[in-house]
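Before any comments, here is the structure.
Every number in this text was worked out from the coordinates using simple rules, so none of it is lab data. This is a predicted model, so every value here is computed, not measured. A quick note on method: Cβ atoms are made from the backbone with ideal geometry, for glycine too, and the neighbour counts reach across all protein chains shown.
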Amino acid sequence: MSARLSRRRLLATLSTLGLGALLSPASLARTAKARIVVVGGGFGGATAARSLARLLPAASITLVEASRHYVACPFSNLVLAGVREIEAQTFAYSALAAEGIEVVRARATNVDAVTRTVTLDNSTGLSYDRLILSPGIDLHWGALEGYDPNAAVRMPHAWKAGKQTLLLREQLLAMPEGGVVLMSVTAAPFRCPPGPYERASLIAGYLKRHKPRAKLIILDSNDAFSKQGLFQAAWRQHYGDMIEWRSASNFGGVIRADARAMELHTDFDTERGDVINVIPPQRAGRIAERAGTVDASGWCPIDATSFESALVPGVHVIGDATIAAPMPKSAFSANQQAKVCAIQVARLLAGLAPEPTTLANTCYSYTTPESAISVSGVYNNADGVFISVPGAGGVSPMGAPPVFQQREGEQAADWFRAITREAFL
């Protein structure tokens, strides 16, 4: 079967979502010449482009992405642990191009919402009827004193997967036995709320196997974190006193980084590390700011039903860049938002109003290379805001037998295969 959905399958998909009216001949005629530009080729952008190409096969769909390949952040902590290769995290865009999506390898530098034009770094302009921004996050350089791109060479963030992941991995390999790993965790919000604590688990797993006298200290600007009880129980079970977590109220918040001295400074103390991983303050990707979709918080307010920017008409924002709480900034959320946003864009282009729907999210986190824990949520987006559905979702049970967490590890691997196949393969 063609990569595009057959008409029967498309009808079934839309009928399931209560959107069958989108396929009326009059509606389809209105979308035939639509020009839709998607900026950003991560889980959100790639999924949105593919979903639109299948919903609106006659429309012009353009994906703008500066990188030739996408390196996925989910599962990159397993690369740090030495149990996964970076190649398994790397995906091309050839499958999208094969579906008729125009993949433009360039960086979007500006958006003119009046003329509805996206300007690229090669001076090309792309006109659009609807624009979807999926810019992910940018690191807020300078928000933590002393932490800038030069400091990140000695103190990797590895919060954008790729070269930084490999750099941190190399530093862990080179660290002497009995050394100290420091992790600095910025105050929320940030991409992947459980991510730092999964990283701590898997780094500790590597240290336990290869450098058992080493120590990992987490200096946290938060007093609580996602799946905290489950993580800390796993740390006690698997790593003993190898991991030390210091909360914000226990003077754990880092206020200054000194890359030359390999030191992190808190209000109370100075800690020196042999390897230092700084997870710094973050904000929406820069193109979102240049498009005018960012507010004073550094993130993008949206209408939760349509994902249209609350600040700029005709521009939709999905994924990590959005203000979408209680939905977390995660790949699962970006994928769900992309599919719903694509449907709502199709409806708007067809002259139909957006329809409220239900979205879900599950975050898997490995506590060892084989075992995982999870948290899930279900959300309604009626009235333009996200609301958690009472009684839906939940977390892994405390004290579950090892086989349960091993199965969750297998489910996490199945999820990663499914989401990458849906977005890139």
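Data for the structure
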| quantity | calculated |
| --- | --- |
| Listed peptides 197-206, 43-52 by packing density, highest first (mean Cβ within 10 Å) | 43-52, 197-206 |
| Residue-averaged 222 nm ellipticity for the chain, from DSSP H runs of 4+ at -39500 (n - 2.57), nearest 500 | -9500 deg cm²/dmol |
| Cα centroid of region 39-53 to Cα centroid of region 352-425, whole Å | 20 Å |
| Cross-link pairs 33/329; 160/215; 208/339 - those with Cα-Cα distance over 31 Å | 33/329; 208/339 |
| Distance-filtered residues of region 325-368 - backbone nitrogen under 18 Å, label point 7 angstrom along residue 404 Cα→Cβ | 363-368 |
| Share antiparallel - DSSP beta bridges, the chain, percent rounded to 5 | 50 percent |
| DSSP beta bridges in region 151-280 [antiparallel fraction, %, rounded to 5] | 30 percent |
| Sorted by Cβ neighbour density within 10 Å, fewest at the top, the residues 341, 73 | 73, 341 |
| Sequence ranges 216-224, 412-420, 247-255, ranked by mean other-Cβ count within 10 angstrom, highest first | 216-224, 247-255, 412-420 |
| Calculated on alpha-carbon atoms, Rg and Dmax of the chain in Å | 21.9, 70 |
| Three-way shape label, region 151-280, alpha-carbon gyration tensor, a/c 1.5 | rounded |
